[in-house]
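Only one structure is covered here, and it is reproduced in the block below.
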Amino acid sequence: MPGLKKIENLSALDARGVSRALKVLRREAPSWNAPIVSFIAVQHRDPFRTLISCILSLRTKDATTAAASTRLFARAQTPSAIVALSPKTIERLIFPVGFYRTKARVIRGICRDLIEKFDGRVPDEIDALLTLKGVGRKTAERMVLELRDKLPEAAPTAPAIPTLNAVEEDVLSALINLGYQRAPAEKILAAVVKEGSGKSFDQIFRAVLGRLSK
């Protein structure tokens with residue numbers, strides 16, 4: 001993906017780097033929850049395929065997500081099969097989804113976690129899904145909705161941010177899918193929101209990413 005190499009060193013982003021990251025984010029598809037994921041969930045009834053498609057769909061158009069999912073699952077259909085692929089192979093299979101290099105690493109990490117923590121199966125509880133590195137709350141909630149058509153009545157522990165509006169959720173999802181850990185991202189996002197440092201996606205994203213990159 002053109003321009004992605006410029007923002008791969010996320011730990012050393014300066015003001016110019018943040019601007020480049022925003023430029024790449026704006027260039028991707030505006031929808032976080034592409035309808036293609038619902039289609040895949042209904043068509044295949046496979047929680048693993050649905051989860052990986054959710055990751056691929058973030059900031060990516062439906063057609064691109066569908067094609068990438070088809071190529072990836074034609075090659076590997078289980079967590080162990082995907083872990084056996086090299087990151088470069090996964091990148092090639094899912095290109096040109098948004099942040100395909102980051103997503104390739106995230107997908108392999110999720111597959112390892114599924115194998116080590118859940119015997120290769122996708123959990124159906126939000127809290128369990130959130131233990132998978134790279135899965136944010138929005139993706140976890142989407143998974144539960146797709147698999148159950150409803151959310152669990154209550155989570156045993158409260159999230160770091162009790163309520164997020166749509167813009168704040170998008171910022172958090174963007175950060176997680178750029179490779180940042182959910183807990184510190186949520187903590188800084190909560191501080192930025194409380195301070196009123198911004199209201200638009202760009203303003204909040206710049207403020208949070210700037211602090212995470214220090």
Study note, to complete from the structure: Listed by first then second residue, the pairs whose first member lies in the stretch 73-85 and is assigned by TED's automatic domain parsing to the domain that holds ARG49 and under 14 Å from ASP113 (Cα atoms), whose partner is of a type in the set (Lys, Arg) and surrounded by 19 or more Cβ atoms within 10 Å (Cβ to Cβ), with beta carbons under 7 Å and at least 6 positions apart or on separate chains, are ILE82/ARG108; VAL83/ARG108
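Does ARG112 count as within 16 Å of ALA81 (Cβ to Cβ) and either at pLDDT 95 or above or buried (at least 21 other Cβ atoms within 10 Å of the Cβ) (or both)? Can you show your working first?
Values: within 16 Å of ALA81 (Cβ to Cβ): yes; either at pLDDT 95 or above or buried (at least 21 other Cβ atoms within 10 Å of the Cβ) (or both): yes.
Here the answer is yes, as ARG112 does meet what is asked.
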**Study point:** Odd one out for VAL192 among (1) within 14 Å of the chain's Cα centre (by Cα); (2) at pLDDT 85 or above; (3) outside the structural domain of PRO87 (by TED's automatic domain parsing); (4) among the β-branched types (Val, Ile, Thr)
**Key:** (1)
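Among the candidates ARG142, ARG108, which residue alone is assigned to a helix (DSSP H, G or I), closer than 23 Å to THR89 by Cα and basic (Lys, Arg)? First the steps, then the outcome.
On the way: ARG142 fails: closer than 23 Å to THR89 by Cα.
It is ARG108.
Can SER19 be described as modelled with pLDDT of 95 or more, part of a helix (DSSP H, G or I) and among the polar types (S, T, N, Q)? Explain how you work it out, then say what you get.
Working: modelled with pLDDT of 95 or more: no; part of a helix (DSSP H, G or I): yes; among the polar types (S, T, N, Q): yes.
Considered against the rule, which asks whether it is modelled with pLDDT of 95 or more, part of a helix (DSSP H, G or I) and among the polar types (S, T, N, Q), SER19 comes out as no.
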Check your understanding: If you check every pair at least six apart or on different chains, which have Cβ atoms under 6 Å apart with a residue in the stretch 171-185 that is assigned by TED's automatic domain parsing to the domain that holds GLY134 and within 17 Å of ILE110 (Cα to Cα) first and a residue that is modelled with pLDDT under 75 and assigned to a helix (DSSP H, G or I) second?
Key -> none
Point to revise | Test result for PHE99, more than 15 Å from VAL122 (Cβ to Cβ), in contact with a helix residue (DSSP H, G or I) (Cβ under 7 Å, 6 or more places away or on another chain) and surrounded by 19 or more Cβ atoms within 10 Å (Cβ to Cβ) | key: yes
Check your understanding: Does ILE40 qualify as being within 17 Å of ALA140 (Cα to Cα) and touching a residue at least 60 places away in the same chain (Cβ under 8 Å)?
Key -> no
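Taking PHE73, is it modelled with pLDDT under 95 and either surrounded by fewer than 15 Cβ atoms within 10 Å (Cβ to Cβ) or at positive phi (or both)?
Details: modelled with pLDDT under 95: yes; either surrounded by fewer than 15 Cβ atoms within 10 Å (Cβ to Cβ) or at positive phi (or both): no.
Considered against the rule, which asks whether it is modelled with pLDDT under 95 and either surrounded by fewer than 15 Cβ atoms within 10 Å (Cβ to Cβ) or at positive phi (or both), PHE73 comes out as no.
The values are calculated or read from the model by the stated rules, or taken from the named source; none is laboratory data. Just so you know, these numbers come straight off a predicted model, no measurement behind them. Here the Cβ is made from the backbone with ideal geometry for all residues, glycine too, and neighbour counts use every protein chain on show.
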